[in-house]
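Since the structure comes first, as structure tokens, the remarks are kept for the end.
The values are calculated or read from the model by the stated rules, or taken from the named source; none is laboratory data. As the structure is a computational prediction, the values presented were derived from the model and not from experiment. So basically every Cβ, Gly included, is an ideal-geometry build from the backbone, and we count neighbours across all protein chains shown. Side chains included, ligands, DNA and RNA excluded: accessible areas come from the protein's heavy atoms. Shrake-Rupley method; radii C 1.70, N 1.55, O 1.52, S 1.80 Å.
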Amino acid sequence: MHPSPLRIAFRTGDAVDMAVSQSGTQSGTLPALARCAHPVLGHDHDYDGLLDLVGDRRFVLIGESTHGSQEFYRERARITQRLITECGFNVVALEADWPDVARVRRYTLGRSADTSADEALSDFRRFPAWMWRNTEMVGFVEWLRDHNMSRRHEVEQVQLFGLDLYSLRASIEAVIDYLDTVDPVEARRARERYSCFDHVGAEGQAYGYALAFEGAAPCEDEVVAQLVVLRRNSAAYLGADGPHADDDLFAAEVNAMVVRNAEEYYQQMYRAETSSWNLRDRHMAATLDAITHHVDRRLGAGQPRAKVVVWEHNSHVGDARATAMGARGELTVGQLARQRYGCECLLIGLTTFDGSVTAAAAWGSRAERWRVSPALTNSHEALLHQVGLPAFWVSTSEPVVANELRTPRLERAIGVVYRPHTERQSHYFPARLADQFDVVLHLDRTSALEPLERTADWDSTEPPDTFPSGV
């Protein structure tokens, strides 16, 4: 079994209680959709109407239908920059591991010895490194650092955080490093507790395999105990020297929580796919809550509250209740955020019709550049393609948009593995797009994200123009 349903592919052949429309659009629908569309032309005012929709909301979750499309990263960054500079957003949270993002965060705050964004992104070594070690991220990270360095007070700076839970080993090391600084005695105890993972080198997949097939003893008691002890001693640790003691303690607590939840995730990985998916998204939603509370507390009474932009895949950002995922019992960060924060959230989905994408042929393989097949005829992407604009966004609160995009159709989702020869089964699932997202940004043709490490595989493996027929 593979490590993650999203990062491998989407199983969409499951029977679900959602009939997919097989017909085209009704007469007059496309012109009506086109009248509601806001073209994206690369101009400064492309997203004026979108910012009006954001208003005073505190959470904007921006998705992507692939993990390897350059324009998704670029437009998401453009929207985020305006949210920061014009709407007071002060947190950006990524579908990435906490320790890896922590290094980038320090760079953007001027607290590290790194001399460039490329260097600050160096901790992203684990597959799929290109998700964050790419040219678009370098540009955004440098912009964020410049923005922060222009602020007169620390409370005006934008914080960057990771939400994911795959960093078992790195988070263990981070907890111990923190305790070495504030409580060397407890650091020794932490090493003893976490030594439970030594037989697998603290590698999550190896740990899950050892539990499922080799009769290894679980480390659940040890990781829970460490989290409890860290929280119990938090008041004492807040008295530690240093200008950022509160931030350092918070980071250590989140890393201990990552270890706790990663241990459970890897236990479930070889047993129950829906359970592991839900555990991961619950963890990301809980981390989002923790970040929000921490930033609110850090800003203090009378200051602006935390306002958070989330960057994740559509299948995390969207509301699962409007998709076949929900029919299978899966939930998402977007659903949990809506349930917790209600109208304070805006969910934005990004779609594409065709182009190219950076992805791997299998989990753990090198990044390759693939041609993306045109979207299937009974998909939302095919409908949006018929609008005839290269790039545009629509609000699903518009009655015409809502009526058309509420019709169940297929929706495409490509993670970090692309399987073009099983496109329908691997990368589509039924969804009601108008209920899944508040806004849909459609970029009709997208291009492959450029990794910082361009290998021969990436440079030479784009399929020919006759793909996929080969004719």
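Overview of results
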| quantity | calculated |
| --- | --- |
| Whole-Hz couplings from phi, Karplus 6.51/-1.76/1.60, listed for segment 341-350; x for Gly and Pro | 10, x, 6, 6, 9, 10, 9, 10, x, 10 |
| Highest to lowest packing among 213-226, 421-434, scored as the average C-beta count within 10 Å | 421-434, 213-226 |
| Descending principal axes extents, segment 40-158, alpha-carbon based, whole Å | 38, 37, 23 |
| Dipole of segment 29-146 [Lys/Arg +1, Asp/Glu -1 at C-beta], most positive-end residue of Ala32, Trp143, Leu94 | Leu94 |
| Label-point separation, Val224 to Asp296 (7 Å along Cα→Cβ), nm | 2.8 nm |
| Student exercise, segment 145-271 dipole from Lys, Arg, Asp, Glu Cβ charges, in Debye to nearest 20 | 120 debye |
| Within the accessible area of segment 328-391 (1.4 Å probe), percent carbon and sulfur | 53 percent |
| Degrees, to the nearest 10: 204-213 long Cα axis against longest axis of the chain | 90 degrees |
| Cα-centre dipole for segment 298-352 with unit charges at Cβ (Lys and Arg positive, Asp and Glu negative), debye to 20 | 200 debye |
| For segment 157-206, convex hull volume per residue from C-alpha positions, Å³ | 79 Å³ |
| Gain on full stretching of the segment that runs from Ala362 to Ser397 - 0.36 nm per residue minus C-alpha separation | 8.7 nm |
| With eigenvalues of the C-alpha gyration tensor scaled by 5 and rooted, segment 241-327, Å | 30, 19, 8 |
| Cut-off 9 Å between beta-carbons: net charge of the residues surrounding Thr446, Lys and Arg +1, Asp and Glu -1 | -2 |
| Along each principal axis, Cα extent of the chain, largest first, Å | 73, 55, 43 |
| Å² per residue, accessible surface of the chain at 1.4 Å | 39 Å² |
| For Ile84, net neighbour charge (Lys/Arg +1, Asp/Glu -1) across residues whose Cβ lies under 13 Å away | +3 |
| Semi-axes of the equivalent ellipsoid for segment 329-471, Cα gyration tensor, largest first, Å | 29, 18, 14 |
| Over the chain, relative contact order from alpha-carbon pairs under 8 Å, at least 6 apart, % | 29 percent |
| Difference of contour (0.36 nm per residue) and Cα-Cα distance, Glu344 to Ser275 | 22.1 nm |
| Positive-end extreme of charge dipole, the chain - chosen from Pro128, Trp393, Ile414 (charges on Cβ) | Trp393 |
| Translational diffusion coefficient (Stokes-Einstein; Kirkwood radius from C-alpha pairs) of segment 309-399 at 25 °C, 0.890 mPa s, in µm²/s | 158 µm²/s |
| With every protein chain in place, segment 198-327: carbon and sulfur % of accessible area (1.4 Å) | 49 percent |
| Furthest towards positive pole of dipole, Ile348, Val254, Gly208, structure part the chain, Cβ charges | Ile348 |
| Counted charge near Tyr207, where neighbours are those whose Cβ lies closer than 14 Å (Asp, Glu -1; Lys, Arg +1) | -4 |
| Stokes-Einstein diffusion coefficient of segment 346-407, Kirkwood radius over Cα pairs, 20 °C, 1.002 mPa s, in µm²/s | 155 µm²/s |
| Angle between the chain longest axis and helix 70-87 axis [Cα atoms, degrees, rounded to 10] | 70 degrees |
| Using alpha-carbon coordinates, inclination of helix 184-194 to the longest axis of the chain, degrees | 50 degrees |
| Centre separation in Å (Cα based) which lies between segment 48-113 and segment 172-240 | 31 Å |
| Computed magnitude of the charge dipole of the chain (debye, nearest 20; Cβ of K, R +1, Cβ of D, E -1) | 620 debye |
| Model label zone, Thr455; criterion: amide N under 19 Å from point 7 Å along Cα-to-beta-carbon; scope segment 360-395 | 360-371 |
| Theoretical gain in end-to-end length, Asp289 to Asp118 [0.36 nm per residue, Cα-Cα removed] | 58.6 nm |
